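Notes follow the structure.
The values are calculated or read from the model by the stated rules, or taken from the named source; none is laboratory data. Keep in mind that this is a model prediction, so the values were computed, not measured. Using ideal geometry, Cβ is built from the backbone for each residue, glycine included, and neighbour counts are taken over all protein chains shown. Protein only, heavy atoms only, side chains kept; ligands, DNA and RNA dropped before computing areas. Shrake-Rupley method; radii C 1.70, N 1.55, O 1.52, S 1.80 Å.
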Amino acid sequence: MKVLRLTGRATLHLLRGIGAVALFTLRGLFRLQPFYPRAFLAQIVQIGWLSLPVVGLTALFTGAALALQI
């Protein structure tokens, strides 16, 4: 019986922690006002797509340095 009690306490403690994190996340998401989807998508393009040349150039030089080391 003691094992079940300890397991139940641990489970409740874990669920309480998960609930606290979920509430924290939801409160944070609801405070993101106002939300501009067009500006958000523009930033995704700016950060993601337009950074590919820099990432590619970095990968090229990293690969060249690695090839020289090998």
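General observations
- Qualifying trypsin sites (Lys or Arg not before Pro) in region 1-52, DSSP loop, other Cβ atoms within 10 Å at most 16: 31
- Heavy-atom accessible area per residue - the chain, 1.4 Å, Å²: 99 Å²
- Carbon-plus-sulfur accessible fraction, the chain (probe radius 1.4 Å, protein heavy atoms only): 75%.
- Normalised convex hull volume, the chain, alpha-carbon set, Å³ per residue: 158 Å³
- Note that region 64-70 has calculated 3J(HN,Hα) couplings of 5, 5, 5, 5, 5, 6, 6 Hz, one per residue in order, obtained from phi through the Karplus relation 6.51 cos²θ - 1.76 cosθ + 1.60 (θ = phi - 60°); glycine and proline are x.
- The chain: calculated mean residue ellipticity at 222 nm from DSSP helix runs of at least 4, using -39500 (n - 2.57): -28500 deg cm²/dmol
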